[in-house]
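Taking it in order: structure first as structure tokens, then the write-up.
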Amino acid sequence: QEQLVESGGGLVQPGGSLRLSCAASMSRFSLYTVDWYRQAPGNQRELVATIASGGDTNYANSVKGRFTISRDNAKNTAYLQMNSLKPEDTAVYYCNAHWIVYNYWGQGTQVTVSS
């Protein structure tokens with residue numbers, strides 16, 4: 001059964017860093033576009049970063065220059081490196097992988113930025 005599993009969330013102080021991982025079980029992972037979303041309580045789910053199959057990336061303005069999305073197709077894993085974290089980055093972070101008719105979501109990982 002194809003699935004995505006996120007890990008790496010936790011509690012971090014403002015200005016700190018975390019690296020989220022998204023491990024995928026589907027075959028042909030390299031063909032998928034991978035997105036990271038986040039959802040804070042009371043807010044809509046927000047697209048944070050995207051990496052295409054060819055490696056092109058895009059970021060929300062709120063995280064540009066602080067977050068970096070990457071992928072290792074040999075390991076079937078995508079990453080979100082988050083630096084200079086702010087309290088407003090607190091949310092559940094979700095990984096999404098999609099290619100033609102296939103679309104998979106992970107279960108989410110909590111990121112809390114607080115002193």
- Task: Being under 17 Å from residue 22 (Cα atoms), within 14 Å of the chain's Cα centre (by Cα) and among the charged types (D, E, K, R) is the filter here, so list the residues in segment 47-78 that pass it.
- Result: 71, 72
- Query: So is residue 68 free of Cβ contacts under 8 Å to residues at least 40 places away in the same chain and surrounded by 15 or more Cβ atoms within 10 Å (Cβ to Cβ) or not?
  - Reply: yes
- Task: Can you confirm whether segment 20-28 contains a residue that is out of contact with any Lys or Arg (no Cβ under 7 Å at 6 or more places or on another chain), open to solvent by 50 Å² or more (accessible area, probe 1.4 Å), of a type in the set (S, T, N, Q) and farther than 22 Å from residue 85 by Cα?
- Result: yes
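Check whether at least one residue in segment 39-50 is over 15 Å from residue 91 (Cα atoms), in contact with a Gly (Cβ under 7 Å, 6 or more places away or on another chain), modelled with pLDDT of 95 or more and surrounded by 12 or more Cβ atoms within 10 Å (Cβ to Cβ), and report yes or no.
The answer is no; no qualifying residue exists.
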- Residues (open to solvent by 10 Å² or more (accessible area, probe 1.4 Å), within 14 Å of residue 48 (Cα to Cα) and assigned to a strand (DSSP E or B)) located in segment 77-108: 79, 81, 92, 94
- Task: Please find, among 38, 71, the residue that is under 21 Å from residue 2 (Cβ atoms), among the basic types (Lys, Arg) and assigned to a strand (DSSP E or B).
- Result: 71
- Here the qualifying pairs (Cβ atoms under 7 Å; residues six or more apart or on different chains; first in segment 78-89 and basic (Lys, Arg); second open to solvent by 60 Å² or more (accessible area, probe 1.4 Å)) come out as 86/14
- Query: Quick one: which of 43, 58 is of a type in the set (S, T, N, Q) and touching a Ser or Thr at 6+ places or on another chain (Cβ under 6 Å)?
  - Reply: 58
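Being modelled with pLDDT of 95 or more, of a type outside the set (A, V, I, L, M), part of a loop (DSSP other than H, G, I, E, B) and open to solvent by less than 70 Å² (accessible area, probe 1.4 Å) is the requirement here; does residue 53 meet it? Lay out the reasoning, then the answer.
Numbers: modelled with pLDDT of 95 or more: yes; of a type outside the set (A, V, I, L, M): yes; part of a loop (DSSP other than H, G, I, E, B): yes; open to solvent by less than 70 Å² (accessible area, probe 1.4 Å): yes.
Yes, satisfied.
The values are calculated or read from the model by the stated rules, or taken from the named source; none is laboratory data. Bear in mind that the values here come from a model prediction, so they are computed numbers and not experimental data. Using ideal geometry, Cβ is built from the backbone for each residue, glycine included, and neighbour counts are taken over all protein chains shown. The area values use the complete protein model at the heavy-atom level, side chains included, leaving out ligands, DNA and RNA. Shrake-Rupley method; radii C 1.70, N 1.55, O 1.52, S 1.80 Å.
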